[in-house]
1. Cβ-Cβ under 7 Å, sequence separation 6+ or interchain: first residue in the stretch A:10-21 and under 20 Å from A:LYS48 (Cβ atoms), partner assigned to a strand (DSSP E or B) and among the acidic types (Asp, Glu). Which pairs?
2. Is it fair to say A:GLY133 is free of Cβ contacts under 8 Å to residues at least 60 places away in the same chain, among the small types (Gly, Ala, Ser) and touching a Leu at 6+ places or on another chain (Cβ under 9 Å)?
3. Tell me which residues, restricted to the stretch A:47-73, are closer than 28 Å to A:PRO127 by Cα and assigned to a loop (DSSP other than H, G, I, E, B).
4. Does B:THR29 fit the bill of being crowded, with 16+ Cβ neighbours inside 10 Å and hydroxyl-bearing (Ser, Thr, Tyr)?
5. In this structure, does B:GLY198 turn out to be surrounded by fewer than 15 Cβ atoms within 10 Å (Cβ to Cβ), at pLDDT below 95 and under 25 Å from the mean Cα position of the chain (by Cα)?
6. So which of A:ARG115, A:ARG92 ends up being surrounded by 18 or more Cβ atoms within 10 Å (Cβ to Cβ), more than 12 Å from chain B (Cβ to nearest Cβ) and not hydroxyl-bearing (Ser, Thr, Tyr)?
7. Let me spell it out: the conditions are (1) of a type in the set (Lys, Arg); (2) in a helix (DSSP H, G or I); (3) touching a residue at least 24 places away in the same chain (Cβ under 8 Å), and A:ARG89 meets all of them except one. Which number is the exception?
8. Of all residues in the stretch B:152-204 being assigned to a helix (DSSP H, G or I) and basic (Lys, Arg), which is farthest from the other protein chains (Cβ to nearest Cβ)?
Amino acid sequence: MTALSIEIRRKRYPARGPGPERTAIENLSIAAANGEFLCLVGPSGCGKTTLLHLIAGLDADFEGSIDTGTAGPPRIGYVFQEPRLLPWRTVRQNIELALPETGPDRGTLIDSLLRAMDLQDAAHQYPRRLSLGMSRRAALVRAFALEPDLLLMDEPLVSLDAPTARRIRELLVRVWLERPHTVIYVTHDLREAIALADRLVFLKSSPAAVLHQVTVNIPRGRRGEAEIEAFRQHLVEEHPEIRELL
Amino acid sequence: MTVRTFALPLASLLGLLAIWQGLALWAATPALPNPLEVAQAFGRETASGRLPAQLGITLARLAVSFVLAMSLGTALGILLGRRRTLDRLFDPWLVIFLNVPALVSIILCYVWLGLGEAAAIAAVVINKLPNVVVTLREGTRALDGDLAEMAQTYRFGRWKTLRHVIWPQLFPYLMVAARNGLALIWKIILVVELLGRGNGMGYQLHLFFQLFDVAGILAYTAAFVAVIQLLELTLLKPMETRAQCWQR
């Protein structure tokens, strides 16, 4: 059962000013099963963010098709590279505003997510008063609280300290296991990708296309530092072509 | 707020009064009445009911033309800020309207629309409108695209986007337009009244001018300035403070 199917023949950016026309994505196809956790790994600037924009429906100007596999428009949670919180609304208001007007009451869910992210005391603060790490976590709560069909994440843990990043990774997996939904997670950190993904999708850059795909076959309960490192070593030895991406 | 925040402006105002008193004593001419004479004129005009009446008429005109100029200007400014072609098409018009002297547009309004209330209001609105358009166009251009994308992904819809994403970003520009607008309209409306209306502050000031009643002129001016400051302190300032509480 394929839920998400992405077929992009070409995505071009028109020439702007002195810069020439640029092809960002060419002949890229990715399919994800319902509830699958995909990590897109590739060098920075390879068009990963562009790809997420296309999937989110923020840019319809491309050749190809994206089928989210849902009957209606999918509920999409998008964690952008920057937190993108409304600075004039409190953390809690930011989270609530992103929820659909109709639907179940998610008050308790928000409370528990805020607690899990260690944000319970910041709920009524304005984002300008938060550190970047806290803002990032608030943006994550916003995406989780929506209980999305499709969760897009664009390097959401960049610039967080290692323990916080690990805690959030664990929380992310827990939330995902409790309520399976398709996740597209963009990162350039291979260890992080191995820790999280069902499947790794390696992208080459300019223009972006799929270079290689690998299923992570370590059971989720057993993805410790050592196992991840061993998997990484093995991967790099087996596929020298991905080495230059990392 | 400390005593200091009030003490210094108060001392400064008293200083101005003292200088005025000194100049009046030194000049000793009816062309420069002293503060007491102006206060007396103020009391007389207020007691007779003439000052409140004329001030009320002018304030009503001000309110109508302010609301018209702000709402029309905001709509047009947002439109030009969003549509590049329209902007390029109408920008030259804007430049022309910005540079037509107020007096010219006032005269033309009276000539074309007759010496009526509609012409007076139109003249004020035409003078103020381009400023609002330019300010709001600037604000619209500065709207944050990242937040717009966020709102689109999370399906905010039109109303939610307007209220929670667009409005807070345009608010500072609206405040600037309102402040500058008030100051500008105040000045223009008097000329409008002087040239073509049989009542209002402008008309009254013209009358005082013909009678050479400088105390009357200064009394009305004081009332004028006081009302503007009152608007600023009771309306604009609190609105702004409330809207900016999210900033550090």
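The values are calculated or read from the model by the stated rules, or taken from the named source; none is laboratory data. Bear in mind that the values here come from a model prediction, so they are computed numbers and not experimental data. When we count neighbours, we look across all protein chains shown, and the Cβ atoms used for this are built from the backbone with ideal geometry, even at glycine.
1. Partner pairs satisfying both residue conditions: A:ARG10/A:GLU26; A:ARG10/A:GLU63.
2. Spelling it out, A:GLY133 is indeed free of Cβ contacts under 8 Å to residues at least 60 places away in the same chain, among the small types (Gly, Ala, Ser) and touching a Leu at 6+ places or on another chain (Cβ under 9 Å).
3. Passing the criteria: A:GLY57, A:LEU58, A:ASP59.
4. No; evaluated as a whole, the condition is false for this residue.
5. It is true that B:GLY198 is surrounded by fewer than 15 Cβ atoms within 10 Å (Cβ to Cβ), at pLDDT below 95 and under 25 Å from the mean Cα position of the chain (by Cα).
6. One residue alone meets the criteria, A:ARG92.
7. (2)
8. B:LYS187
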